[in-house]
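Peer 1: Below is the structure I would like to discuss, written out as structure tokens.
The values are calculated or read from the model by the stated rules, or taken from the named source; none is laboratory data. Treat the numbers as computed from the prediction; the structure is a model and nothing was measured. All accessible areas refer to the heavy atoms of the entire protein, side chains included, with ligands and DNA or RNA removed. Shrake-Rupley method; radii C 1.70, N 1.55, O 1.52, S 1.80 Å.
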Amino acid sequence: RGKMTSPPNVTVLLLTGYEEMGSMKYLYFVLIFVAFLVTIFLNGFLILVVYLKENLHKPMYIFLSNLFVNGLYLSVALYPQILSNLLSDVQMITRFWCQFQVFCLHNYVCCECTILTVMGYDRFVSICMPLQYHSIMTPGTVSKLVAFAWLFPVLILSGLLGLTSRVPLCGNTIGKVYCDNWSIVRLSCTDTTKENTYGIFASILFPGIPVLLVVLSYQRILRACLKASKEARGKALTTCLPHIITFLKFCINVLFEVISRRLDNSSVPLAVRTFLSLQLFIVPPLLNPLVYGLRLQEMRSTVEKVFLRHKSAVQHN
């Protein structure tokens, strides 16, 4: 009898998404570094504004600050690794750090979905039940909703990544500039039916359930707006529009990424695939502060006051 050989134990993975950057990698480094700084500044600044200004200590802005925290979390988990690899001759990552990055990136996507869903519920209560709003959205309720938005994704992802981390790998090449769960599963030496089933379940759960809940919320909001006065309808749309734009944009990005992972896209140029996969993680954290900071009147007014006060202080000095 021949000896049974155990599956190879791959501990280092090669990220091939950088291959076509060539001499342009220094330009990409500058652009990504600028995007990193701008993202950190915008999200950090608005978190600080919400924390320091008592007039923004309301459920909507508390949920909004959690959205900005999620953007910071993603930026710290993604950008440094990409910037480091752009300056390296060989773009490699250990399996441990690859799994850690998978958790961070997937957790960001799931938390973004749950936070946006909670924000949709807040708008629903505010518009459809204005007289009961303060009795429903108490500090205790807000704390529970925030805890749910952060902990539920961790619970779902722990099971998924627990399965993936035990899978033996026969390959070591990932055709992206970052690690994702599906790419690791595809390198497996063994049957991955269990992992694929759980992955499909998680893909349906996020963003499937959040989309359903937000659609139901806005169905009720639209019904209430049609019965309201023109002034009330305009105010409702002003507060809801940034959320609708953000939610739709994010869900379309997630849906595209999920579909592209499951289909054979080898005919698409690597540079295009890299750009399309990165925009899910780069665009939302960069645009969310701009969308909410510019569209929400109370937030915009507070930010303008902060800048005017700072400008005045500088001029006096």
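Peer 1: Counting only residues 5 or more places away or on other chains, whose amide H sits under 5 Å from the amide H of Gly175 once H atoms are built in the peptide plane?
Peer 2: Thr16
Peer 1: Taking amide H positions as placed in the peptide plane 1.01 Å from N, state which residues far from Leu169 in sequence (5 or more) or on other chains have amide H under 5 Å from it.
Peer 2: Sorted by chain and number, the residues that satisfy this are Val10, Cys189.
Peer 1: Here is a follow-up. From the phi angles alone, apply the Karplus equation (6.51, -1.76, 1.60; θ = phi - 60°) to the range 245-256 and give each ³J(HN,Hα) in whole Hz, x where the residue is Gly or Pro.
Peer 2: Once θ is set to phi - 60°, the couplings for the range 245-256 become 4, 5, 5, 5, 4, 5, 5, 5, 4, 5, 4, 4 Hz.
Peer 1: While we're on this one: If DNA, RNA and ligands are ignored and the probe is 1.4 Å, what is the ranking of Lys227, Lys176 by accessible area, most exposed first? Please list the in-between numbers first.
Peer 2: Values: Lys227 170, Lys176 30 Å².
Per-residue accessible area, sorted high to low, gives Lys227, Lys176.
Peer 1: Further question on the same structure: Helix 139-165 versus the longest principal axis of the chain: what is the Cα-based angle in degrees, 0 to 90, to the nearest 10?
Peer 2: Long axis of 139-165 versus the principal axis of the chain: about 10 degrees.
Peer 1: If you stretched the chain out fully between Gln219 and Phe201, how much longer would it get, using 0.36 nm times the residue separation minus the C-alpha to C-alpha distance? Show your work: numbers first, answer last.
Peer 2: Values: separation 18, 0.36 × 18 = 6.48 nm, distance 2.59 nm.
Extra length available between Gln219 and Phe201 comes to 3.9 nm.
Peer 1: Here is a follow-up. Quick check: from the Cα gyration tensor, does the range 17-309 come out rounded (a/c under 1.5), prolate or oblate? Display every interim value, and only then the final one.
Peer 2: Values: a/c = 2.18, a/b = 1.57, b/c = 1.39.
It comes out prolate by the Cα gyration axes.
Peer 1: May I ask you to give the solvent-accessible area per residue for the range 17-309, in square angstrom, as obtained with a 1.4 angstrom probe?
Peer 2: Each residue of the range 17-309 exposes 50 Å² on average to a 1.4 Å probe.
Peer 1: Given a 1.4 Å probe and every protein chain left where it sits, what share in percent of the accessible area of the chain is carbon and sulfur? Mind showing how you got there, number by number?
Peer 2: Numbers: 11550 of 16960 Å².
Carbon and sulfur together cover 68 percent of it.
Peer 1: Could you compute how much accessible surface Ile136 exposes when probed at 1.4 Å, giving the result in Å² to the nearest 10?
Peer 2: 50
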